[in-house]
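Chemist: Dropping a structure here in structure tokens format, bear with me for questions.
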Amino acid sequence: MDLQAIEIGKQALESGENIFEALRELIAKGGNTEEIIEIAYELQAGSYIQVAKSRKEELEIFAEEYAGLLQPYLNDKSILLDVGSGELTTLSLVLDKLSVSPSQVIGTDISWSRLRLGLDFVNGYFEEDPPPLRVISCEMSSLPFESKSIDVTISNHALEPNGLDVASVMKELFRVTKNHLVLFEPYYEGSSQEVKNRMDHHGYFKGIEKIVEDLGGSIEKITRLENPLNPLNPTHCFVVAPPAAKAGTEGDSSRFAGENLTVPGTDSPILLREGFYHSSFFGLCFPILEGIPILRVKRSIFASSMK
């Protein structure tokens, strides 16, 4: 991690400047890297919970519409993966409004702190009968799951800042997803010039239809939500069918994918040891911090002699 970047990010936060813009000046002027996204979201951890509390009624309406669009693709045996879960605010409300409960739900985010604070939000929101939720800190471009082991993958403005790397992210989502991706994201090509200018300024992704087609998937439906939380950044629901699994590469989605974790971006298994996960094949050790696995190759420890 770049200490100078953290320092600049903290200075931007304290002065009320845009952290992403400040870090792009230092790291990558052409768009947002994973390092920029991680630092910015880590430093802002907790802010989305504050927004959820202050805009509760608006978020409830948004979540109701979100759940209605997602529900047709789920059943009570589904394993549901939410990428870029953040502080678990939207995911919590959506799960509460679904009439069909997935068998298991996995929330992921590059920011450990957002997930940690999000678990407190979940525990407060579901005082009784919480959903079967597990959270993992990882990168969207390298997910710690077997190929085709997830039934449905969802997102909520999580692909949005990945303008430089969205094709790699989509390729990885296709690798792990068996049935559908139901993505709630901005739609550059279907937006006004004002919205396009804003997306360009913030380094948001564009060209989703071409990216999906080039990777062998297909977009089945695009629906503009009637109740976006930000009219200048309207949400669209993209229902995407991933490419079919190649023979011999389909994982077992009949059981919780969280019990079948892998070295991120691969199908190579990792096993739970005392306080960490271990890959005997690669010799990598992955930490667990306050119960949250940090499954990122860049954050692992290379310990090849560990048995």
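Each row is one residue, and each column tells you yes or no for (1) open to solvent by less than 50 Å² (accessible area, probe 1.4 Å); (2) touching a residue at least 12 places away in the same chain (Cβ under 8 Å); (3) among the hydrophobic types (A, V, I, L, M, F, W, C).
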| site | (1), (2), (3) |
| --- | --- |
| Ser142 | yes, yes, no |
| Arg175 | yes, yes, no |
| Phe184 | yes, yes, yes |
| Asp200 | no, no, no |
| Tyr204 | yes, yes, no |
| Thr235 | yes, yes, no |
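Chemist: List the number of the failed condition for Leu80; all other conditions in (1) more than 12 Å from Ser155 (Cα to Cα); (2) under 18 Å from the mean Cα position of the chain (by Cα) hold.
Modeler: With (1) more than 12 Å from Ser155 (Cα to Cα); (2) under 18 Å from the mean Cα position of the chain (by Cα) applied to Leu80, the lone miss is (1).
Chemist: Determine if the stretch 228-238 includes at least one residue that is within 23 Å of Ala40 (Cα to Cα), of a type in the set (Val, Ile, Thr), in a helix (DSSP H, G or I) and in contact with a Pro (Cβ under 9 Å, 6 or more places away or on another chain).
Modeler: no
Chemist: Go through Ser268, Ser280, Ser304 for me and flag whichever is surrounded by fewer than 16 Cβ atoms within 10 Å (Cβ to Cβ), at pLDDT 90 or above and under 14 Å from Val176 (Cα atoms).
Modeler: Exactly one residue qualifies, and that residue is Ser268.
Chemist: Any chance you could count how many residues in the stretch 38-66 are open to solvent by less than 10 Å² (accessible area, probe 1.4 Å) and either under 21 Å from Cys138 (Cα atoms) or under 17 Å from the mean Cα position of the chain (by Cα) (or both)?
Modeler: Residues meeting the conditions: 4.
Chemist: Now for a separate question. Being among the hydrophobic types (A, V, I, L, M, F, W, C) and part of a helix (DSSP H, G or I) is the filter here, so list the residues in the stretch 175-217 that pass it.
Modeler: Selection gives Val176, Val195, Met199, Ile208, Ile211, Val212.
Chemist: Considering only residues of the stretch 206-233 that are among the aliphatic types (A, V, I, L, M) and touching a Ser or Thr at 6+ places or on another chain (Cβ under 8 Å), which is surrounded by the most Cβ atoms within 10 Å (Cβ to Cβ)?
Modeler: Here the residue is Val212.
Chemist: Is it the case that Gly84 is touching a Leu at 6+ places or on another chain (Cβ under 7 Å) and either in contact (Cβ under 8 Å) with a residue 24 or more places away in the chain or open to solvent by 30 Å² or more (accessible area, probe 1.4 Å) (or both)?
Modeler: Here the answer is no, as Gly84 does not meet what is asked.
Chemist: Here's a follow-up. Take residues that are among the hydrophobic types (A, V, I, L, M, F, W, C), within 27 Å of Ile294 (Cα to Cα) and modelled with pLDDT under 90 and tell me which of the helices (runs of 4 or more DSSP H) falling wholly in the stretch 29-141 contain 1 or more.
Modeler: 34-43
Chemist: Do you know which residues across the stretch 130-140 are surrounded by 21 or more Cβ atoms within 10 Å (Cβ to Cβ) and touching a residue at least 60 places away in the same chain (Cβ under 8 Å)?
Modeler: Of everything in the stretch 130-140, those that are surrounded by 21 or more Cβ atoms within 10 Å (Cβ to Cβ) and touching a residue at least 60 places away in the same chain (Cβ under 8 Å) turn out to be Val135, Ile136, Ser137, Cys138, Glu139.
Chemist: Among the candidates Glu146, Glu160, Glu172, single out the residue that is in contact with a strand residue (DSSP E or B) (Cβ under 7 Å, 6 or more places away or on another chain) and part of a helix (DSSP H, G or I).
Modeler: After ruling out the rest, the residue left standing is Glu172.
The values are calculated or read from the model by the stated rules, or taken from the named source; none is laboratory data. All of these numbers come straight from a predicted model, not from anything done at the bench. Glycine gets a Cβ as well: all are built from the backbone with ideal geometry, and neighbour counts include every protein chain shown. Only protein heavy atoms, including side chains, enter the accessible area calculation; ligands, DNA and RNA are left aside. Shrake-Rupley method; radii C 1.70, N 1.55, O 1.52, S 1.80 Å.
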